[in-house]
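The values are calculated or read from the model by the stated rules, or taken from the named source; none is laboratory data. The structure displayed is predicted, hence computed values, not measured ones. All Cβ positions, glycine included, derive from the backbone under ideal geometry; neighbour counts span all protein chains shown. Ligands, DNA and RNA are stripped out before the accessible areas are found, and what is left, the full protein with its side chains, is counted by its heavy atoms. Shrake-Rupley method; radii C 1.70, N 1.55, O 1.52, S 1.80 Å.
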Amino acid sequence: MNDQAGRTIASYTTHQEAERAVDHLSDQGFPVERVAIIGQDVRLVEQVTGRMGLGGAALHGAASGALPGALIGWIFGLLNWLDPVVSGLLLALYGLIFGALVGALLGLLVHAAQRGRRNFASVSFMQPSRYDVVADEAVRLLAELPRGTGTGTSSGAGKGSRPRSGPAVT
């Protein structure tokens, strides 16, 4: 569904409240494949998790390289027709070790190339300020949603968990 196919019938401050509204529409028999939950006013949040030194960069790189190395080694081992289980596990172990070493070296090189400009670790995520439930012909069904179970907001309709008021298209 695209933005132009429907209209915003309710806005909520949490994704859980928007899911609850769509669940209510589903319970009422509304064709929910015509509904979308759209996060509005999205911002990027980067949470710093700690300092990153040479040891941390090497450890992070080793962890990043170990799993792909093990998987590639295991797949190569499975291609052996004579003794696939033993050679598969052995090559997976070799791949894990090789991937960890290559990952650690790459982690050290990338950290050294930055020359202290970014010596911290962080996790990034997107965070919308509100969630709009967009659909056609669903305003009447969401008006039946019980009050007091959330803190949704609707533009122009005041505070509370009620959807925007407007004519229901039937």
Failed condition for ALA121, given (1) modelled with pLDDT of 80 or more; (2) among the small types (Gly, Ala, Ser); (3) under 14 Å from ALA57 (Cβ atoms): (1)
Top-ranked residue in region 1-17 [being at pLDDT 85 or above and not in a strand (DSSP E or B); ranked as most open to solvent (accessible area, probe 1.4 Å)]: GLN16
Every pair of residues 6+ apart whose Cβ atoms lie under 6 Å, when the first sits in region 19-41 and is closer than 26 Å to SER129 by Cβ while the second is modelled with pLDDT under 85 and open to solvent by 60 Å² or more (accessible area, probe 1.4 Å): ALA36/MET1
